[in-house]
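For reference, the structure discussed in these notes is given below.
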Amino acid sequence: MKPLNIGLKTAKIPVIQGVMGVGISLGNLAGSVAKEGAVGIISSAQIGFREPDFDKNPREANLRAIDKEMKKARELSPDGIIGFNVMTALRDHEAHVRAAAAAGADLIISGAGSIMRVL
């Protein structure tokens, strides 16, 4: 199998981790996958569920958690390919995309409810 090039980075193992939302595909999983040479993906769906103010302010909790989970992934795999899955069906889709980009995502995958696209 040939390596997978994404931007200036190369995944030695041409596999993109499947994503499961709400607490499954977070920084530890994505960082571990990237550390092994594949592409790790974090789900932004209700990513802030562990934040203390999630029940009262889910939007801000989710945006904060995007950055936190990316940092966890980068600690595990500083040079690996790590991205986010941001479903287009999310109410705050654009804000999640912007937060993921600001956090340093190497790629953003958006789908669910429309044609899948890689940003």
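The values are calculated or read from the model by the stated rules, or taken from the named source; none is laboratory data. Note that the structure is a prediction, hence the values are computed from the model and not measured. Just the protein is used for accessible areas: all its heavy atoms, side chains included, with ligands, DNA and RNA removed. Shrake-Rupley method; radii C 1.70, N 1.55, O 1.52, S 1.80 Å.
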Based on alpha-carbon centroids, what's the gap between the stretch 1-17 and the stretch 90-104 in Å, whole number please? 23
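Give me the percent relative contact order of the chain, please, defined on Cα pairs under 8 angstrom at least 6 residues apart.
Over the chain, the number comes to 23 percent.
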I'd like the orientation of helix 93-103 relative to the chain: the angle between its Cα long axis and the longest Cα principal axis, in ° from 0 to 90, rounded to 10. 60
Nearest-5 percent of antiparallel DSSP beta bridges in the chain? 35
Added length on full extension, which subtracts the Cα-Cα distance from 0.36 nm per residue, Ile24 to His93: 22.9 nm
Can you tell me the 0 to 90 degree angle between the C-alpha axis of helix 58-76 and the longest principal axis of the chain, rounded to 10? 30
For the chain, the Cα-Cα pair-distance distribution in 5 Å bins from 0, as whole percents, is 2, 14, 24, 25, 19, 11, 4, 1, 0, 0
Accessible area of the chain with a 1.4 Å probe: how many percent of it is carbon plus sulfur? 57
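Give the accessible surface of the chain per residue, rounded to a whole number of Å², with probe radius 1.4 Å and ligands, DNA and RNA excluded.
56
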